[in-house]
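Chemist: Input: one structure, supplied below.
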Amino acid sequence: MDENERKEARRDETLVERLLHRALESLGAALDRRLGLEPNTSTALTTSRLIERMRRLIDERAVEDAHRGRLAPHVMKLKIEWGMHSSAPDDLIEELKKEILTAAIDHINDQRLRTFAPVRVEVVADIFTTGITVDPSFGEFEEEARRLREGGVETPAESTEEIVLVVEIRSPEGQQQTSLRMVPGGQRIDIGRAADNDLCLRHPSVSKIHATMAMTREGSLLLSDAGSTNGTYINGRRIAYGEARAFREGDVINFGEVEVRFRRLAHRADAASSEEDR
């Protein structure tokens, strides 16, 4: 191939890249409109901001391995709000998956990161998500990544401090108290009559799997009904199936005929200082 042919080939490659970039921007705008995410014209496309946040989270959650170098999350959980997911056309979801996957692979390669496994995108219809988010994780290698993170490596690890919730339970049969341990942004709590629930409420008015509770990264509490027979209520207002609602400590939560209140257990230091103030 002579110099002129090489120049023409480079021009063709550049043209293809520009056309692809333009097509992705158009696709992002179309996705934003059809999924109900109107772009903010004063900043950038919503899809672009979604990808930018994903890149930042990939960098923040990467862990250092002495033998393999810096390892990045390889599972991009594309979380779409429950109602939005059901109304979005399948082809748009697939196009969004492809765009997220391409952006994730490009970023990981650009940053010279490695992964435990091939990068993939998993779509989740999530009650606790507002709009659309991407949550990078290590998937089946989460435990190994946690061990690397706790091995003294200087990496911006996320807070894993547990918050203890005191649970006061009142049912027609009497009262009792228990506790739950939650991590902000961590695993969700299943509530129901079945013994394998995180919070087991043994009363016939409670469904086997009655509700789900989550704590946001900021520490706010969210509750959703799991399709129970007798409903889930916050201060007397029923939660519709497929809806996630915030509640506060001390609010009266009803699962069927069982009344529950949640409050955070004060840290020992906080408790000691309040004792001194008395």
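The values are calculated or read from the model by the stated rules, or taken from the named source; none is laboratory data. Just so you know, these numbers come straight off a predicted model, no measurement behind them. Cβ atoms come from the backbone with ideal geometry, glycine included; neighbour counts cover every protein chain shown. Ligands, DNA and RNA are excluded from the accessible area calculation, which covers all protein heavy atoms including side chains. Shrake-Rupley method; radii C 1.70, N 1.55, O 1.52, S 1.80 Å.
Chemist: Within the stretch 99-112, does at least one residue satisfy the condition of being in a helix (DSSP H, G or I) and farther than 30 Å from A66 by Cα?
Modeler: Checking the stretch 99-112: at least one residue is in a helix (DSSP H, G or I) and farther than 30 Å from A66 by Cα.
Chemist: Looking at D106, D65, D91, D135, can you tell me which residue is of a type in the set (D, E), open to solvent by less than 60 Å² (accessible area, probe 1.4 Å), more than 25 Å from E243 (Cβ to Cβ) and not assigned by the TED database to the domain that holds G185?
Modeler: That would be D65, the only listed residue that is of a type in the set (D, E), open to solvent by less than 60 Å² (accessible area, probe 1.4 Å), more than 25 Å from E243 (Cβ to Cβ) and not assigned by the TED database to the domain that holds G185.
Chemist: How about the stretch 241-253: which of its residues are in contact with a Lys or Arg (Cβ under 9 Å, 6 or more places away or on another chain) and either in a strand (DSSP E or B) or among the acidic types (D, E) (or both)? Write out each step before concluding.
Modeler: Our first condition is that a residue be in contact with a Lys or Arg (Cβ under 9 Å, 6 or more places away or on another chain); within the stretch 241-253, this holds for 245, 249-253.
Those that are in contact with a Lys or Arg (Cβ under 9 Å, 6 or more places away or on another chain) and either in a strand (DSSP E or B) or among the acidic types (D, E) (or both): R245, E249, D251, I253.
Chemist: If you take the residues in the stretch 210-219 that are open to solvent by less than 30 Å² (accessible area, probe 1.4 Å) and either part of a loop (DSSP other than H, G, I, E, B) or touching a Pro at 6+ places or on another chain (Cβ under 6 Å) (or both), which one is nearest to E257 (Cα to Cα)?
Modeler: Going through the qualifying residues, I end up with H210.
Chemist: Are any of the residues in the stretch 67-77 out of contact with any helix residue (DSSP H, G or I) (no Cβ under 6 Å at 6 or more places or on another chain) and under 30 Å from L221 (Cα atoms)? Can you show your working first?
Modeler: Quick first cut of the stretch 67-77, residues out of contact with any helix residue (DSSP H, G or I) (no Cβ under 6 Å at 6 or more places or on another chain) only: 67-71, 74, 77.
Pick out the ones that are also under 30 Å from L221 (Cα atoms) and you get 74, 77.
Yes, the conditions are met somewhere in the stretch 67-77.
This table checks each residue for (1) in contact with a helix residue (DSSP H, G or I) (Cβ under 7 Å, 6 or more places away or on another chain); (2) not charged (D, E, K, R).
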{"site": "A62", "(1), (2)": "no, yes"}
{"site": "D106", "(1), (2)": "no, no"}
{"site": "T115", "(1), (2)": "yes, yes"}
{"site": "S137", "(1), (2)": "no, yes"}
{"site": "E144", "(1), (2)": "no, no"}
{"site": "V164", "(1), (2)": "no, yes"}
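Chemist: Given (1) surrounded by 13 or more Cβ atoms within 10 Å (Cβ to Cβ); (2) basic (K, R); (3) outside the structural domain of V260 (by the TED database), identify the lone condition not met by R112.
Modeler: Condition (1) is where R112 drops out.
Chemist: Of these, S171, S179, S207, which one is outside the structural domain of M84 (by the TED database), open to solvent by less than 50 Å² (accessible area, probe 1.4 Å) and farther than 22 Å from A244 by Cβ?
Modeler: Details: S179 fails: open to solvent by less than 50 Å² (accessible area, probe 1.4 Å); S207 fails: farther than 22 Å from A244 by Cβ.
Going through S171, S179, S207 in turn, the sole match is S171.
This table checks each residue for (1) in contact (Cβ under 8 Å) with a residue 60 or more places away in the chain; (2) hydrophobic (A, V, I, L, M, F, W, C).
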site: M76; (1), (2): yes, yes
site: I93; (1), (2): no, yes
site: A103; (1), (2): no, yes
site: D106; (1), (2): no, no
site: R112; (1), (2): no, no
site: G131; (1), (2): yes, no
site: G139; (1), (2): yes, no
site: E144; (1), (2): no, no
site: R149; (1), (2): yes, no
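Chemist: Let me ask something additional. Could you please find all residues in the stretch 237-253 being free of Cβ contacts under 8 Å to residues at least 24 places away in the same chain, over 15 Å from R170 (Cα atoms), out of contact with any Leu (no Cβ under 9 Å at 6 or more places or on another chain) and open to solvent by less than 60 Å² (accessible area, probe 1.4 Å)?
Modeler: A240, the sole residue that qualifies.
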